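Below is one structure; the comments refer to it alone.
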Amino acid sequence: MTSENTPDREYIFKPAPVPVLPIKGTSALFPVHRIYCVGRNFADHAIEMGHDPDKEPPFFFQKNPDTLVPPENGFPYPAASKDVHHEVELVVALKSGGSDIPADSALDCVYGYAVGLDMTRRDLQAQAKKHGRPWEVAKAFEHSAPCGPIHPAATVGHPREGTIRLAVNGAVRQDGNLNQMIWKVPEMIAYLSRLFTLAPGDLIFAGTPAGVGAIARGDVMQAHVDGLDGITVIVT
Ligand code: MN
């Protein structure tokens, strides 16, 4: 049940605010519902993580919507890890959803695109993988999803190729191309919609190219996707 079903009942404490992202070119806000992330969507990154990119269907995990942070707030180095990695990703923002969405109409669900970081406690992820445990401790911690403004597809179109890059302190670490994505955006939406009922406000982090690596306090991460505003995030 949701608050919509119980309009006359009081909360015992103030509800958490709705997570939002800014939208390029307007003061209107994008209210975020869920965050889905696709794993190993670039072959060279799958290989660097020790997997065969040809053998896997897409797989997904989630981050909590309140892990989104504006880039200018910085990324606080999280507790409980000594190996925190950057992953630069194209973020797909949905304006509509549903179940069993055909790939050939899936782009109709897309409101726009942003540049995001899927920050990862890699040491905790390695432990989780080793023991067959869930990934939340590695992926869904506070501040783990710095994200820039959403660019409406009406303005920037649907990017299928173009540089996706991340530099740390000016040195390029990740340098890929969106055309290397194994599962393209329409295929990802179609696949996800067979597992979950997608909804307006859902975000999909579309996977990262090779070159992920550790960051330290004081580092400056600069994330770039062609055609979108990049983000600069200081590790604090
Ligand atoms: Mn990722």
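Cβ-Cβ distances below 7 Å connect the following pairs, each with a first residue in region 108-129 that is more than 21 Å from residue 26 (Cα to Cα), a second residue that is among the β-branched types (Val, Ile, Thr) and more than 14 Å from the ligand (Cβ to nearest atom), and a separation of six or more residues or different chains: 117/233; 121/137; 124/137; 128/137. Candidates 79, 28, 103, 93: the one that is modelled with pLDDT of 95 or more and in contact with a strand residue (DSSP E or B) (Cβ under 8 Å, 6 or more places away or on another chain) is 93.
Against the conditions (1) farther than 17 Å from residue 231 by Cβ; (2) basic (Lys, Arg); (3) in contact with a Gly (Cβ under 9 Å, 6 or more places away or on another chain), residue 14 satisfies every one except (3). For residue 164, indicate whether it is within 26 Å of residue 94 (Cβ to Cβ), under 17 Å from the mean Cα position of the chain (by Cα) and at pLDDT below 95. Spelling it out, it is not the case that residue 164 is within 26 Å of residue 94 (Cβ to Cβ), under 17 Å from the mean Cα position of the chain (by Cα) and at pLDDT below 95.
If I filter region 210-236 down to residues being polar (S, T, N, Q) and assigned to a strand (DSSP E or B), which single residue comes out as surrounded by the fewest Cβ atoms within 10 Å (Cβ to Cβ)? Talk me through it step by step, then tell me what you get.
Applying the first criterion (polar (S, T, N, Q)) to region 210-236 yields 222, 232, 236.
Restricting the remaining residues to those that are assigned to a strand (DSSP E or B) gives 222, 232.
Details: 222: 19, 232: 15.
Among residues in region 210-236 that are polar (S, T, N, Q) and assigned to a strand (DSSP E or B), the one surrounded by the fewest Cβ atoms within 10 Å (Cβ to Cβ) is 232.
Residues in region 160-209 that are hydrophobic (A, V, I, L, M, F, W, C), farther than 19 Å from residue 35 by Cα and either away from the ligand (no atom under 16 Å from the Cβ) or surrounded by fewer than 18 Cβ atoms within 10 Å (Cβ to Cβ) (or both): 167, 168, 171, 172. Among the residues of region 26-58, just one is more than 15 Å from the chain's Cα centre (by Cα), closer than 19 Å to residue 150 by Cα and of a type in the set (Val, Ile, Thr), namely 26.
The values are calculated or read from the model by the stated rules, or taken from the named source; none is laboratory data. This one's a predicted model, so the numbers in the text were calculated from it and none came from an experiment. Glycine also receives a Cβ, built like all others from the backbone with ideal geometry; neighbour counts cover every protein chain displayed.
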